[in-house]
Amino acid sequence: MLACPACGAENMLGAEECEACGYDLTDLSRPESASSFERSFQDKPVRCLRDHPALTVLANQSVRDVLGLLMQRDEGCAVIVDDQGKAIGVFSERDALMQVADEEEDILDRPVGELMTTEPVTVEADAPIAFALHQMDLGGYRHLPCVDEKGIPVSMVSVRDIVTFVGHRFLEGEAPA
């Protein structure tokens, strides 16, 4: 962990700015990675994990339609976007399951915007994989929208993507130190 010199908040090593105050942390020294395995998490950007765009839907689309798209694309999560294409929420298979368990009425015809998780945590496509993994761990997320500099979703990073990345590192003969 790295303490922000401006506010003292703890940040993950390699973070480019303080999560608490936005202070620029890029010039602070980074510890040397013990192995190429560790370096790959710091050096490789999140965008290398996925080669297809995020599933994006509008908030007024029905839960039924969004679940159909998730199944059709074999995705676990959709990014809910506004009219400008910016992320305003996420809706996952887990959100649907939790709502079905809690609701007595049929939720499938309701707008997905009523059930989405609002103000989603996102990660920029050029952020290190280690940063995305840290965000997922902190929030207990299985999916993390990956956005461009304008906040437009470009992909969705999942735990499965990170496990696949780790598996490939092992197959290439890399292992943690």
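The values are calculated or read from the model by the stated rules, or taken from the named source; none is laboratory data. Quick caveat, the model's predicted, so the values are computed rather than measured. Note: ideal-geometry Cβ built from the backbone for every residue, glycine included; neighbour counts use all protein chains shown.
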Condition check: within 18 Å of Thr122 (Cβ to Cβ), modelled with pLDDT under 90 and either surrounded by 14 or more Cβ atoms within 10 Å (Cβ to Cβ) or within 16 Å of the chain's Cα centre (by Cα) (or both). Does Leu55 satisfy that? no
Return yes when Gly22 is at positive phi, surrounded by fewer than 15 Cβ atoms within 10 Å (Cβ to Cβ) and not in a helix (DSSP H, G or I) and no when it is not. yes
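Can you give me the number of residues within region 125-169 that are among the charged types (D, E, K, R) and out of contact with any Asp or Glu (no Cβ under 9 Å at 6 or more places or on another chain)?
Quick first cut of region 125-169, residues among the charged types (D, E, K, R) only: 126, 137, 142, 148-150, 160-161, 169.
Within this subset, residues satisfying the condition of being out of contact with any Asp or Glu (no Cβ under 9 Å at 6 or more places or on another chain) are 137, 142, 150, 160-161, 169.
Here the count works out to 6.
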When you check Gly14 against the structure, is it buried (at least 19 other Cβ atoms within 10 Å of the Cβ), in a loop (DSSP other than H, G, I, E, B) and touching a residue at least 24 places away in the same chain (Cβ under 8 Å), yes or no? yes
Yes or no: region 110-129 includes at least one residue that is at pLDDT below 90 and more than 23 Å from Val147 (Cα to Cα). yes
Residues that are of a type in the set (A, V, I, L, M, F, W, C), at pLDDT 85 or above and surrounded by fewer than 16 Cβ atoms within 10 Å (Cβ to Cβ): does region 26-47 have at least one? no
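Report yes if Glu38 is assigned to a helix (DSSP H, G or I), out of contact with any helix residue (DSSP H, G or I) (no Cβ under 8 Å at 6 or more places or on another chain) and either closer than 30 Å to Leu171 by Cα or not small (Gly, Ala, Ser) (or both), otherwise no.
Values: assigned to a helix (DSSP H, G or I): yes; out of contact with any helix residue (DSSP H, G or I) (no Cβ under 8 Å at 6 or more places or on another chain): yes; either closer than 30 Å to Leu171 by Cα or not small (Gly, Ala, Ser) (or both): yes.
Here the answer is yes, as Glu38 does meet what is asked.
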When you go through Gly167, Gly173, Gly140 one by one, which is the residue that is on the phi > 0 side of the Ramachandran plot and at pLDDT below 90? Gly173
Pairs, first farther than 22 Å from Tyr141 by Cα and among the polar types (S, T, N, Q) in region 56-79, second modelled with pLDDT under 95 and not in a strand (DSSP E or B), C-beta under 6 Å, six or more apart: Gln61/Val112; Ser62/Asp109
Residues of region 125-159 being over 19 Å from Ile80 (Cα atoms), touching a residue at least 12 places away in the same chain (Cβ under 8 Å), not in a strand (DSSP E or B) and not hydrophobic (A, V, I, L, M, F, W, C), in sequence order, are Asp126, His134, Gln135
Just need a number here: residues in region 90-124 that are within 23 Å of Ala20 (Cβ to Cβ) and either among the small types (Gly, Ala, Ser) or in contact (Cβ under 8 Å) with a residue 40 or more places away in the chain (or both). 4
Which one of these is surrounded by 15 or more Cβ atoms within 10 Å (Cβ to Cβ), part of a loop (DSSP other than H, G, I, E, B), more than 13 Å from the chain's Cα centre (by Cα) and at negative phi: Ile80, Ile107? Ile107
